[in-house]
Amino acid sequence: MIIQIEFPDVLPEGRGASFKKGIAEILIKNATTPIGHTPNDYEKIREQGRLISEFLSNEILNIVRK
């Protein structure tokens, strides 16, 4: 699976946190189980999601710092 996300060319300084919160709000809103719950044997998948989230967070930070 390939997921593509297009970021604005420039985010004004200090706006990165708000941008990330907007992304997180929709992802959390679309969760089908409570955020604290991970079904048995799904922790590895959840960790993969965390790694992707960390990557996205760093990409946004790089855009804001341009």
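Below is a table of values for the structure above.
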| quantity | calculated |
| --- | --- |
| Cross-chain or 6+ apart pairs with Cβ under 9 Å, the stretch 42-59 first and surrounded by 10 or more Cβ atoms within 10 Å (Cβ to Cβ), then of a type in the set (S, T, N, Q) and at pLDDT below 90 | Ile45/Thr38; Arg46/Thr38 |
| Of all residues in the stretch 10-27 being part of a loop (DSSP other than H, G, I, E, B) and under 15 Å from Asn58 (Cα atoms), the one that is modelled with the highest pLDDT | Arg15 |
| Selection from the stretch 1-24 of residues that are hydroxyl-bearing (Ser, Thr, Tyr) and in contact with a helix residue (DSSP H, G or I) (Cβ under 8 Å, 6 or more places away or on another chain) | none |
| Qualifying position, being more than 13 Å from the chain's Cα centre (by Cα) and among the small types (Gly, Ala, Ser), among Gly14, Gly49, Gly22 | Gly14 |
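The values are calculated or read from the model by the stated rules, or taken from the named source; none is laboratory data. It should be emphasised that the depicted structure is a prediction, and the values quoted were computed from it without experimental measurement. Using ideal geometry, Cβ is built from the backbone for each residue, glycine included, and neighbour counts are taken over all protein chains shown.
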